[in-house]
Amino acid sequence: MSTTSDHSGSADGDAAPAAVAGASPTRYDEALERFVLFWGKMASNWGINRTMAQIHALLYCSEEPLDTDAIMEQLQISRGNANMNLRSLINWNLARKLHRAGSRKDFYEAEKDVWHITAQIIEERERREIKPVREQLRECRDLLAGEEECEDLPGREAQLCRRLENLMDLMEVFEGFFEALLPFVKEENVPVMKRLIRLADELDEDSS
């Protein structure tokens, strides 16, 4: 199985699971490598660190918890990079640290429930991105207008105020969408989510 030539473990590197030295890659090795690389690239589009996602993919596929050395070896990343991203996975509640009797090493296992994984990503994205953006937009708007309405401001100030409020409205819609969807994801309520998708499709057809 192919490996990366850069062992420094940069946060954005395309790490791949390493094959056993001298052994021909099996179908399992090839499938695992493809999944780890794919998961990292896909997650980076969600605003998640690529190496963090690759470690999660490796832990998700592993039958047994892995220690840091095993993760470093399989993904060809540095200890610092591995430790940093493992902490992030734990903070996101996507992985757990375990201890084994007779071993001083820390072991890690990933959350295997895909619905829980999705719910955690939605919650973290909302907390880390949507809410902070709304707060920053609110501060900009208040700095410009204070307690005044946009319509009461002169010229370009009124225009800027309205544009900031438009962005605030958009963030509010995003936040409301996530908060409305999250309970159904947590409950694994597929029928309701499918009905919501059909309703959205019907609304789109009516508006076109």
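The values are calculated or read from the model by the stated rules, or taken from the named source; none is laboratory data. Nothing here was measured: the structure is a model prediction, and the numbers come from that model. Note that each Cβ is placed from the backbone with ideal geometry, even for glycine, and that neighbours are counted across all protein chains shown.
Sort out which residues of region 97-145 are under 19 Å from E175 (Cα atoms), among the charged types (D, E, K, R) and touching a strand residue (DSSP E or B) at 6+ places or on another chain (Cβ under 9 Å), and write them in order of number.
none
Just wondering, is there one or more residues in region 60-72 that are under 17 Å from the mean Cα position of the chain (by Cα) and outside the structural domain of I130 (by TED's automatic domain parsing)?
Taking every residue of region 60-72 in turn, at least one turns out to be under 17 Å from the mean Cα position of the chain (by Cα) and outside the structural domain of I130 (by TED's automatic domain parsing).
Out of all the residues in region 146-168, which are of a type in the set (G, A, S) and either assigned to a loop (DSSP other than H, G, I, E, B) or at pLDDT below 90 (or both)? Walk me through how you get there before you give the answer.
First, pick out the residues of region 146-168 that are of a type in the set (G, A, S): 146, 155, 158.
G146, the sole residue that qualifies.
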